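Every read-out reported here was derived from the displayed coordinates using simple, explicitly stated rules and does not represent laboratory data. Please read these numbers as outputs of a predicted model, since none were measured by experiment. Neighbour counts are summed over all protein chains in view; Cβ atoms, including those assigned to glycine, are modelled from backbone coordinates with ideal geometry.
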Amino acid sequence: MSDHRFTPRRTFLKAAAGTSLAAVGRLAFAQSFLPKEKRFEWLPTECADERYPMELVSGGLYGSDGLIAALPSGKTVNNGWGQIGSRHLIGAPHKPVPNSLKLSWFSYAEDQFFAGTVALPHAELTQLFERGFVGPLMGTRETWTKIIVGMGLGGWTSVWLAGGELVREVARAQLQAAQLNWALVLDNPAIERSAFIRSKLQSRLGKAELDLLARHGPPVGTWTRYAQRHRRRVVVAGVHMPLHMFLRSFNGERQFHDLAQPVPEALEAVPKHLQITWLTNNGRKQLSEIHLDESEVFGALDQAGVAASNTPPMILRVELGARSRVSMVLECQATRIPLTRARVEVSSLGN
C-alpha cells in the first residue's frame, strides 16, 4: 500500500530533483547555441639545430580540454632549426587549436635538462589557420599543416606554423633548467653518463662541428641573436633574370618572394640560406643556393651598426654574375661590407 502522507523531506527531494533536471535542460539548451570549437587539420613535429642534438623527453600541445597532440618522445633530434621532423599520425586529423605547450628535453652539448610550459597565442593561431596563405609557386590557396616545436640551447624553445614550404614563428620562450632522472635518457647504469653523451655527439656531428664544440663549448650566450629582427630587404640583380627566392632566416622562418616585384622592406630575422631561381640568357632555369657564414654576417651587422629595429634598414644585395658567379654585399647607409665567405652551390633545373 503506497504511503501518500506528506513529509517535508520527501517534498524537498522531489523539488530539488525537478530543479536539477530543469537546470541541466536549460544548460544543454544554452550550450547548443554556443559556437563549436574550431578544428583544423594539422600534425605536431619537432626540431633542433643540426649542431646541437637534443633528446626529446616529453612534449605535448594542450587545449582547454587537455592534451590535443603529443610529440614523439624518446628520440634524438638535430634535423635543423625550424625544420619539419617526424610526423606523429595519431588521433583525429582535425584538431582544436592549442593554447599551451608542455615540453622537456636533454641538451647533449650542455649536459642539461630543460622543462616547462609555454603559453601559445590561441587567437592568433586560429586566425592564421582560418586565413591560410597563397601558395608560393602555384598561387593557390593553402593552409598551415604542421606545428613545429623547437628545442634550443639555454632552454630556448620556438613554435612555428609550417605549410606549403613556408615556416612562420608564432611563439618563443626560455624554459628553466631542470633536474630530471637520467634514466629518462638512458636506463642503463652500466654506461656512464659522460661516455654516452660523448658517443651521441660523435655519432650525430661531423669532425669540424665536434672540434668547434670542444674548443668553444655551446654558444648559449649568442643564441638570442637568432631571434633578433632588423629592418631589411633583399635585392637580387645582375646579368641574369631572377625569378623567385626562398629565404630561410636564422630564427627558423622560411619565406617566399616573387622577384618579378621588389622584395619589400620588413622587420625580419637575419637571412641564413637563400635559394634563388633564375634564367640564363638562353632561357634555362638555374638554382643558386647561398649558405651565409654565420660569424661573417653577424660580424657585418655589428660593423654596420645594425643593432635594433630603429636603426636604418640594411640591404642584402645579391649579384648574379657571369658564369654563375654570385657576389653579396651588406649595405647600411654609407657602409658597404662584402660577404665573401658564403658557400654557393649552383645547379640546373632544366628548361
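Observations on the structure shown:
- Residue of M328, M314, M138 that the Gaussian network model of the chain assigns the largest fluctuation, springs spanning Cα pairs under 10 Å: M138
- Along each principal axis, taking the top coordinate minus the bottom one, the Cα set of the chain gives 108, 56, 42 Å in descending order.
- Highest-fluctuation residue, L287, L137, L320 considered, GNM on the chain with Cα pairs under 10 Å: L137
- Length gained on full extension, D187 to D293, computed as 0.36 nm times the residue gap minus the Cα-Cα distance: 34.2 nm.
- Full-stretch length increase - D111, A322 - with 0.36 nm per residue and alpha-carbon distance subtracted: 71.1 nm
- Q176-A123 FRET efficiency (beta carbon distance; Förster radius 41 Å; 0.05 resolution): 0.95
- Within the chain, antiparallel bridges make up roughly 85 percent of the DSSP beta bridges whose residues both belong there.
- Cross-linked pairs K36/K95; K146/K285; K102/K200; K75/K95: Cα-Cα separations exceed 22 Å for K146/K285; K102/K200; K75/K95.
- Computed per residue of the chain from DSSP H runs no shorter than four, each worth -39500 (n - 2.57), the mean residue ellipticity at 222 nm is -6000 deg cm²/dmol.
- Residues whose placed amide H lies under 5 Å from that of L180, excluding near-sequence neighbours: F113
- For segment 141-266, the spherically averaged projection of the C-alpha convex hull amounts to 12.0 nm².
- Contour excess over end-to-end distance, with Cα ends at S100 and E130 and 0.36 nm allotted per residue: 8.9 nm
- Applying Stokes-Einstein at 10 °C and 1.306 mPa s to the Kirkwood radius of segment 228-350, computed over alpha-carbon pairs, gives a translational diffusion coefficient of 109 µm² s⁻¹.
- Top of R284, R87, R204 by mean-square fluctuation, Gaussian network on the chain, Cα under 10 Å: R284
- Compactness of segment 39-178 as Cα Rg over 2.2 N^0.38 Å, two decimals: 1.01
- Amide H contacts under 5 Å for V270, placed H, 5+ residues apart: F250, N251
- Calculated from backbone phi, Karplus (6.51, -1.76, 1.60) coupling profile of segment 82-88 in Hz, x at Gly/Pro: x, 8, 7, x, 6, 10, 9
- DSSP beta bridge pairing in segment 39-178, given as percent antiparallel to the nearest 5: 90
- Sequentially through segment 184-195, phi angles give Karplus couplings (6.51, -1.76, 1.60; θ = phi - 60°) of 5, 9, 9, 9, 8, x, 6, 9, 5, 4, 5, 5 Hz, Gly and Pro residues having no value and appearing as x.
- Scanning residues 5 or more positions from S86 or on other chains, those with amide H under 5 Å from its amide H are E46, with H placed 1.01 Å from N in the peptide plane.
- Rounded to whole Hz, the Karplus (6.51, -1.76, 1.60) HN-Hα couplings of segment 240-249, x for glycine and proline: 10, 8, x, 9, 7, 8, 9, 10, 9, 9
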